[in-house]
1. Report the per residue volume, in Å³, of the convex hull enclosing the C-alpha atoms of the range B:55-123.
2. Accessible surface of B:Phe72 in the full protein assembly, 1.4 angstrom probe, to the nearest 10 Å²?
3. Every other copy gets compared here: list the nm distances from the A:Asp127 label point (7 Å along Cα to Cβ) to its counterparts, shortest first, one decimal.
4. Might you report the magnitude of the Cβ-based charge dipole of the protein assembly as shown about its Cα centre, with Lys and Arg at +1 and Asp and Glu at -1, to the nearest 20 debye?
5. With the radius of gyration and the Kirkwood radius both derived from the Cα set of the range A:26-66, what is their ratio Rg to Rh?
6. Between copies, how far apart are the A:Tyr58 label points? List them in nm, one decimal, shortest first, with each point 7 Å from Cα toward Cβ, please?
7. Mind checking the per residue accessible area of the protein assembly as shown for me, 1.4 Å probe, whole number of Å²?
8. Any chance you could run the full-extension gain for B:Ala100 through B:Asp57? It's 0.36 nm times the residue separation minus the Cα-Cα distance, nm to one decimal.
There are 2 protein chains.
Amino acid sequence: MPTHAGRPIVPECGMAHLKVTLVLNSGSRIGPGKAALLESIRSTGSISAAARAMGMDYKRAWLRIDSLNHSFTSPAVERTTGGTGGGGAIPTALGSDLLARYRRLETEAAKLAMADLEALERHARPDGGPKI
Amino acid sequence: MPTHAGRPIVPECGMAHLKVTLVLNSGSRIGPGKAALLESIRSTGSISAAARAMGMDYKRAWLRIDSLNHSFTSPAVERTTGGTGGGGAIPTALGSDLLARYRRLETEAAKLAMADLEALERHARPDGGPKI
């Protein structure tokens, strides 16, 4: 599983955690899905390889990146051309900055939530309720 | 608009903010919707009045409370009987504790995110991209 600073990019199943989502004035959202996708594009060098690595179909990945690119005045991911493997994609400086901010915030917020999650888990049912 | 410690319970439309969701081991989620619903039940004294105050249909509110109640070994909301208005509902000690933890965490996390949201808004398009 790909990791970021030694921890899983996407929290493992069955592990209590805090999910954080940045919501911009426009209503655009940047959450764990888009952050993991940016990270995967950075490490694989293309949207299609990133989608494949995440078990996500290409169309879904492309729509998320398109949404992200239209959230800002300049793109978060840009196409690369040429090279032996043909064209690919990489996060721009803006995309890298966004990813770094998201991961830092997620880590800091997780620290804040640790005691609360532990306290709530003491009263939690392992099977939980309907997921809504 | 109802407020909590002087700020809106639900962030106003068109205001950048951080959305936080507690995800338990079971996968159960406690986010801004359930927190606002617990708050509304506390102030109105029933699920139906809370739903009405939030412009939410009763079934939807009931399903959320049912999900919350089944996430823990004891309920977060309990029925009250009698009184001039007949039966109602109130958050239990567990429900009140959950709500207090969620609001405190949300406030602390919002402080962490303030500078990031400001920095990102400088590059954001007012209309944003597709909302996915």
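1. 159 Å³
2. Ignoring ligands and nucleic acids, B:Phe72 comes out at about 0 Å².
3. Label point to label point, same position, other copies: 5.0 nm.
4. 300 debye
5. Ratio of gyration radius to Kirkwood radius: 0.96.
6. 5.1
7. 50 Å²
8. 13.0 nm
The values are calculated or read from the model by the stated rules, or taken from the named source; none is laboratory data. From a predicted model like this one, the values you see are computed outputs, not experimental measurements. When we count neighbours, we look across all protein chains shown, and the Cβ atoms used for this are built from the backbone with ideal geometry, even at glycine. All accessible areas refer to the heavy atoms of the entire protein, side chains included, with ligands and DNA or RNA removed. Shrake-Rupley method; radii C 1.70, N 1.55, O 1.52, S 1.80 Å.
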